[in-house]
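Engineer: Let me give you the structure first, and then I'll get to my questions.
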Amino acid sequence: MSRRRCYVVYCHPLDDSFAHAALERVLAGLARRPDVDVRLSDLYADDFSPEFSLEERRTHKDSPDGKTEIAEYADNLRWCDSLIVVHPTWFSGPPAMLKGWLDRVLVQGVAWTLPDGASRLKPLLRNIRAITVVTTHGSSKLINSLQGEAGKRIWFRSVRVLCHPLTRCRWVAFYGIDRASDAKRRAFLGRVERAMQRV
Amino acid sequence: MRALVLVAHPDPHSFSHAAAQAAVDGLQAGGHEVTVLDLYANGFDAAMSPAERRAYPSGRPLIDPQTQASADLVRAAHILVFCYPTWWSSMPAVLKGWLDRTMVEGVAFRFNERRKIRPGLGHVRRIVGISTYGSPKSYVKAINDNGRRTLMRTLRMNAGWRTRRTWLALYAMDRIGPVERSAFLARVRDQASTW
């Protein structure tokens, strides 16, 4: 049985945040499994620049080989077979830092390619067979449903089509954290750790 | 009325900028006062900083001159127009960051006595999105058009049910010709003059 390769992408500006506590439980849960290798990117710790630049726009369709700023992330994406994302939901989506990571890292040659004459993108992340998102929402599940869960759909539709056709999606979400009791918060962290047994 | 037009594209010669200009022309023809905020040209930082995150629940979240200036523009606006290319089914990070950092307590919402969120954008009469897509419309619909949802639903919830919504989209950008492009700009101009 080959080893599971999990790539964890974490995005929150504060180390004492609830999202960081969730990250710790993600890593603890994965560490309990003997068959898992883990790589982690902490975008704020990396001081990642989320702004897709004019230069990147110009070299948009070139090979990614010279793009050293994203090389490590691209390498991790090619290496893993399970992508685990930990972020708070702000304004119904991932924080801008993480959206910028998608804009800048999922480029031609990393996530997709457009062969000459083709009209559709060819996905390049076929090695990824599972996407797990661990996130928190300030507002309730009802409000998020009315808003259309835009963030969930970025991961489970827009990013998923670049991955393996049978990619499994798992949404580990905490709704209504603004009004939640400590007991509920602790229960969610337990759920996060348990969810890592099946990613 | 006063309109605020936001543009989020790194290239000042982009089609998104042309669409923004068409909206400005139309709005001015309709007798509105227009302010343009070009996020890339202004060097707007997309990422909410750790200090801002700490200030977010404090009741005084606007600690950066960049976000203070944006908040003043939003408070004075009756029409909000967003022009951007759709990337990964949503808005560019710089525009998402503008929402994250500017649409905070005291601007987009406030809390009532019972700590419930109440809309803060009641003065906004119309929210407009103008976006370009590389993909055709059928694909955009299947993927769910998440930037549109964020502006037309989430942002709108901070305004009110009487706030009108307008979405102008140009699909399959990579495949269409100059005729369709200029027709789209004319459509934006015509529509904007009626807002």
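Laboratory data are not the source of any read-out in this text; all were calculated from the coordinates shown. All of these numbers come straight from a predicted model, not from anything done at the bench. Every residue, glycine as well, gets a Cβ built from its backbone with ideal geometry; the counts of neighbours run over all protein chains shown.
Engineer: Under the Karplus relation 6.51 cos²θ - 1.76 cosθ + 1.60, θ = phi - 60°, what is the ordered set of whole-Hz ³J(HN,Hα) values for segment B:24-37, x standing for Gly and Pro?
Structural biologist: My calculation for segment B:24-37 gives 4, 4, x, 4, 5, 4, x, x, 8, 8, 10, 10, 10, 10 Hz in order.
Engineer: Between 0 and 90 degrees, rounded to the nearest ten: what's the tilt of helix B:178-192 against the longest Cα principal axis of chain B?
Structural biologist: 50 degrees
Engineer: Right, something else. Any idea what the relative contact order of segment A:4-198 is, in percent, if you count C-alpha pairs under 8 Å spaced at least 6 apart?
Structural biologist: Over segment A:4-198, the number comes to 26 percent.
Engineer: Now for a separate question. What are the equivalent ellipsoid semi-axes of chain B, built from the alpha-carbon gyration tensor (square roots of five times its eigenvalues), in whole angstrom, biggest first?
Structural biologist: They are 28, 18, 16 Å, listed from largest to smallest.
Engineer: Taking the Cβ of each residue in A:47, A:15, A:81 as the centre, tally the other Cβ atoms inside 10 Å and list the residues starting with the fewest.
Structural biologist: Arranged by neighbour count, lowest to highest, A:47, A:15, A:81 become A:47, A:15, A:81.
Engineer: Now for a separate question. Going by how many other Cβ atoms sit within 10 Å of their own, how do A:54, B:185 line up, fewest first?
Structural biologist: Taking fewest neighbouring Cβ atoms as first place, the list is A:54, B:185.
Engineer: Turning to a different aspect of this structure: Give the relative contact order (percent, whole number) for segment B:2-192; include only Cα pairs under 8 Å separated by 6+ residues.
Structural biologist: On the way: 318 pairs, mean separation 49.4, N = 191.
That works out to 26 percent.
Engineer: Related question: Would segment A:94-196 count as rounded, prolate or oblate if I go by the C-alpha gyration tensor, calling it rounded below 1.5 in a/c and otherwise prolate when a/b exceeds b/c, oblate otherwise?
Structural biologist: prolate
Engineer: Compute the Rg to Rh ratio over segment B:25-139 from the alpha carbon atoms, using the Kirkwood formula for Rh, and round to two decimal places.
Structural biologist: On the way: Rg = 15.7 Å, Rh = 15.8 Å.
My calculation of the ratio gives 0.99.
Engineer: Which whole-Hz ³J(HN,Hα) couplings does segment B:6-21 yield from phi under the Karplus relation 6.51 cos²θ - 1.76 cosθ + 1.60, θ = phi - 60°, glycine and proline marked x?
Structural biologist: Per-residue couplings from phi come out as 9, 10, 10, 8, x, 9, x, 9, 6, 5, 4, 5, 4, 5, 4, 4 Hz.
Engineer: Is segment A:51-93 best put as rounded, prolate or oblate by its Cα gyration tensor, with a ≥ b ≥ c the root eigenvalues, rounded for a/c under 1.5, and otherwise prolate when a/b is larger than b/c, oblate when not?
Structural biologist: Judged from the Cα gyration tensor, segment A:51-93 comes out oblate (a/c at least 1.5, b/c at or above a/b).
Engineer: Which residues make up the longest stretch of chain B clear of trypsin sites (Lys or Arg not before Pro) that lie in a DSSP loop with no more than 14 other Cβ atoms within 10 Å, not counting the sites?
Structural biologist: With trypsin sites (Lys or Arg not before Pro) excluded where exposed in loops, chain B gives B:1-113 as its longest stretch.
Engineer: Explain nothing, just compute: Karplus ³J(HN,Hα) = 6.51 cos²θ - 1.76 cosθ + 1.60, θ = phi - 60°, for every residue of segment B:82-88 in order, whole Hz, x for Gly and Pro.
Structural biologist: 3J(HN,Hα) across segment B:82-88, in whole Hz: 10, 10, 7, x, 7, 10, 6.
Engineer: May I ask what percent, to the nearest 5, of DSSP beta bridges between residues of segment A:4-198 are antiparallel?
Structural biologist: 10 percent
Engineer: Same structure again: For residue B:29, what charge total do you get from the other residues with a beta carbon under 15 Å from its beta carbon, if Lys and Arg give +1 and Asp and Glu give -1?
Structural biologist: -1
Engineer: Given the alpha-carbon gyration tensor of the protein assembly as shown, what are the semi-axes of its equivalent ellipsoid in whole angstrom, ordered largest first, with each equal to the square root of 5 times an eigenvalue?
Structural biologist: Numbers: eigenvalues 226, 147, 60 Å².
Values for the protein assembly as shown, descending: 34, 27, 17 Å.
Engineer: With both bridge residues required to lie in the protein assembly as shown, what share of the DSSP beta bridges run antiparallel, to the nearest 5%?
Structural biologist: Values: 7 of 62 bridges.
About 10 percent, rounded to the nearest 5.
Engineer: In whole Å, what is the distance between the alpha-carbon centres of segment A:166-188 and segment B:50-109?
Structural biologist: 26 Å
Engineer: Going by how many other Cβ atoms sit within 10 Å of their own, how do B:145, A:16, A:46 line up, fewest first?
Structural biologist: So the residues, fewest neighbours to most, are A:16, A:46, B:145.
Engineer: Can you find, among B:58, B:41, B:78, the residue sitting farthest towards the positive end of the charge dipole of segment B:14-101, where Lys and Arg contribute +1 and Asp and Glu -1 at Cβ?
Structural biologist: B:58
Engineer: With no solvent and one point on each alpha carbon, what is the Debye value of log10 I(q)/I(0) for chain A at q = 0.10, 0.19 Å⁻¹?
Structural biologist: With no solvent term, the Cα-only Debye profile gives -0.42, -1.46.
Engineer: For residue B:110, which sequence-distant residues (separation of 5 or more, or a different chain) have an amide H within less than 5 Å of its own amide H, given hydrogens modelled in the peptide plane?
Structural biologist: Correct list: B:118, B:120.
Engineer: For segment B:123-182, taking Cα atoms only, what is the radius of gyration to one decimal and the Dmax to the nearest whole Å?
Structural biologist: Taking only Cα atoms of segment B:123-182, I get Rg and Dmax of 13.5, 39 Å.
Engineer: Write down the percent of antiparallel bridges among all DSSP beta bridges whose residues are both part of segment A:1-109, to the nearest 5. Each step should come with its number before you reach the end.
Structural biologist: Numbers: 1 of 13 bridges.
DSSP beta bridges in segment A:1-109 are roughly 10 percent antiparallel.
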